[in-house]
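One structure below.
The values are calculated or read from the model by the stated rules, or taken from the named source; none is laboratory data. The structure displayed is predicted, hence computed values, not measured ones. Heads up, the Cβs are rebuilt from the backbone with ideal geometry, glycines too, and the neighbour counts pull from every protein chain shown. Remember, those area values only see protein heavy atoms, side chains included, never the ligands or the DNA or RNA. Shrake-Rupley method; radii C 1.70, N 1.55, O 1.52, S 1.80 Å.
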Amino acid sequence: MGVSEAQESVVRITVLGKSPSWQDADGACSGYLIEDEEFALLLDCGNGVFSKLRRYRDYTALDAVVISHLHSDHFLDLVPFSYALTYAPRQQPVPVDRWPGTDSPAHPRLIAPKGARDTFRRVVGSWGNDDLIEAAFDLTEYETGEKLELGPLTVRFEEVPHFTTTHAVDVTSSNGSGRFTYGADCRPGDELVEAAHDTDLLIIEATLPRPERTGIRGHMTPAEAGEHARRAGARRVVLTHISDELDELWAREQATTAFGGPVEIAHEGAVYTV
Ligand SMILES: [Zn+2]
Ligand SMILES: [Zn+2]
């Protein structure tokens, strides 16, 4: 084997937020920045994510936002993001000589589940212009099972069982790097195992200290997450959607035992590559 001539292409996944539906101290709910060379995609945009995104990337240099499901902890920061795209001085249509670079304000794509337009209108319409989000972004609603080409990335949406219509998001790149699967929020079942079959990196929720005591299940424990990752044959596993109020060492041990190999816990700012 010779010396490699070019650096291997990778997709970088940066954890912007990994909290469940309430934020960790100083934390953010679900948000993952996915970068493939110059292309950048934000996967979920829960409360707190917009300010975390700004540490890593200019929000006007984001190509697309993808939303896994319409729960607040996965989309609420589309509101401040939309205000920025609408009212930030450099986004205003003022003469270019006064604000260099303002000749074409950013208008990123927003790809959200069917019904998103109505949900966003109801949320924002409760106090302001109901078209705030759809005017700030170029909104497309996707269908379950759909596969989209976004720059160099191919993104596939597979439904997983949760309290509302929810999609695992599977990402591959034309640059030949590995595959990454985000399980979104999910109760135990075969759906995620199939969606994540043979993936290189599975980011999977581990929300619960124990299974829900009553009602319909919607989330997993760390042991269940590890067991689903094992059944999927995932090569690398990261637990997410996990509170700082849950014992991390306990969670990792539970998941590692069920997975049969090392499992990592998502931390804000952690970078994974495939
Ligand atoms: Zn959630
Ligand atoms: Zn949810």
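Brief remarks follow.
Residues are listed down the side, and each one gets a yes or a no for (1) out of contact with any Asp or Glu (no Cβ under 7 Å at 6 or more places or on another chain); (2) within 16 Å of ligand 1 (Cβ to nearest atom); (3) over 17 Å from residue 15 (Cα atoms); (4) not in a helix (DSSP H, G or I):
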| position | (1), (2), (3), (4) |
| --- | --- |
| 50 | no, no, no, no |
| 54 | yes, no, no, no |
| 73 | yes, yes, no, no |
| 80 | yes, no, yes, no |
| 83 | yes, no, yes, no |
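- Residue 134 charged (D, E, K, R) and under 17 Å from the mean Cα position of the chain (by Cα): no
- Selection status of residue 63, away from ligand 1 (no atom under 16 Å from the Cβ), open to solvent by 10 Å² or more (accessible area, probe 1.4 Å), touching a Phe, Trp or Tyr at 6+ places or on another chain (Cβ under 7 Å) and at pLDDT 95 or above: yes
- Residue ranges of helices (runs of 4 or more DSSP H) in the range 111-219 with at least 1 members over 30 Å from residue 86 (Cβ atoms) and either open to solvent by 40 Å² or more (accessible area, probe 1.4 Å) or in contact (Cβ under 8 Å) with a residue 60 or more places away in the chain (or both): 190-195
- Long-range neighbours under 6 Å by Cβ, at least six apart or interchain, first residue within 12 Å of residue 76 (Cα to Cα) within the range 41-54, second more than 16 Å from ligand 2 (Cβ to nearest atom) and open to solvent by 10 Å² or more (accessible area, probe 1.4 Å): 50/80
- In the range 237-251, residue farthest from residue 199 (Cα to Cα) [restricted to those that are of a type outside the set (Gly, Ala, Ser) and buried (at least 19 other Cβ atoms within 10 Å of the Cβ)]: 242
- The single condition among (1) part of a loop (DSSP other than H, G, I, E, B); (2) more than 28 Å from residue 52 (Cα to Cα) that residue 256 does not satisfy is (1).
- Selection over the range 22-48 of residues that are under 14 Å from the mean Cα position of the chain (by Cα) and either in a helix (DSSP H, G or I) or within 16 Å of ligand 2 (Cβ to nearest atom) (or both) gives a count of 11.
- Unmet criterion (only one of (1) away from ligand 1 (no atom under 16 Å from the Cβ); (2) closer than 29 Å to residue 61 by Cα) for residue 183: (1)
- Selection count where residues are open to solvent by 40 Å² or more (accessible area, probe 1.4 Å) and within 11 Å of ligand 1 (Cβ to nearest atom), scope the range 18-48: 2
- Among the candidates 249, 192, residue that is of a type in the set (A, V, I, L, M, F, W, C) and either touching a strand residue (DSSP E or B) at 6+ places or on another chain (Cβ under 8 Å) or within 23 Å of residue 46 (Cβ to Cβ) (or both): 192
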